[in-house]
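Structure first, commentary second.
The values are calculated or read from the model by the stated rules, or taken from the named source; none is laboratory data. Keep in mind it's a predicted model, so treat the numbers as computed, not measured. For neighbour counting, all protein chains shown are included, and Cβ atoms are generated from backbone atoms with ideal geometry for every residue, glycine included. The protein model used for the area step is the full one, side chains on, heavy atoms only, and it has no ligands, DNA or RNA in it. Shrake-Rupley method; radii C 1.70, N 1.55, O 1.52, S 1.80 Å.
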Amino acid sequence: QVQLVEAGGGLVQPGGSLRLSCVASGITFSWYVMSWYRQASGKERESVATIDTGGSTYYAESMKGRFTISSDDAKNTVYLIMNNLKPDDTAVYYCSAKYDRSEYWGQGTQVTVSS
């Protein structure tokens, strides 16, 4: 059974930082392209960042320079470090694992940026 479990969300003030983690089980982690997405209330889900099997990273334009994605194959975990958070970053953040035609999603973790 495949599971992706996100953690690390919470309430943070503007300008603050958070580190999200996503632990995968039931997959051969190193085969999968891992991504973070987010969905704000009333909006479409959008891509945040991706790390491929070679370690190359890709970011949505508005996250470049503020967010960093990384992964640890030994821990089957992908991370998202978010700095200089803004109220517009408020959303549920989801991780996904994709390989060939298989794609799995976690349940999401809420990030709220507010003073």
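Residues in the stretch 19-33 carry Karplus couplings, in order, of 10, 8, 10, 9, 9, 9, 9, x, 10, 7, 3, 5, 7, 9, 7 Hz; the curve used is 6.51 cos²θ - 1.76 cosθ + 1.60 with θ = phi - 60°, and Gly or Pro positions show x.
Here the 3J(HN,Hα) profile of the stretch 59-73, calculated from phi with Karplus coefficients 6.51, -1.76 and 1.60 at θ = phi - 60°, is 10, 5, 3, 6, 9, 4, x, 10, 10, 9, 9, 8, 9, 10, 4 Hz, Gly and Pro shown as x. Test of understanding: in a Gaussian network model of the chain with alpha carbons linked when under 10 Å, which of Ala91, Ala40, Ala74 would top the mean-square fluctuation ranking? Of Ala91, Ala40, Ala74, the most mobile in the Gaussian network model is Ala74. Accessible surface area normalised per residue over the stretch 46-96 is 48 Å², counting heavy atoms of protein chains with a 1.4 Å rolling probe. Counting only residues at least eight positions apart within a chain, or on another chain, the lysines with an alpha carbon under 28 Å from that of Lys43 are Lys64, Lys86, Lys98.
Since only Ser17, Ser70, Ser56 are under comparison, the one whose Cα sits farthest along the positive direction of the charge dipole of the stretch 1-80, derived from C-beta charges on Lys, Arg, Asp and Glu, is Ser17. Carbon-plus-sulfur accessible fraction, the chain (probe radius 1.4 Å, protein heavy atoms only): 44%. Seen from every direction in turn and averaged, the convex hull around the alpha carbons of the stretch 12-68 projects onto 5.2 nm².
For the chain, the relative contact order comes to 37 percent (Cα pairs under 8 Å, sequence separation of at least 6).
Surface listing: Val113, Val5 arranged by accessible area from highest to lowest gives Val5, Val113, probe 1.4 Å.
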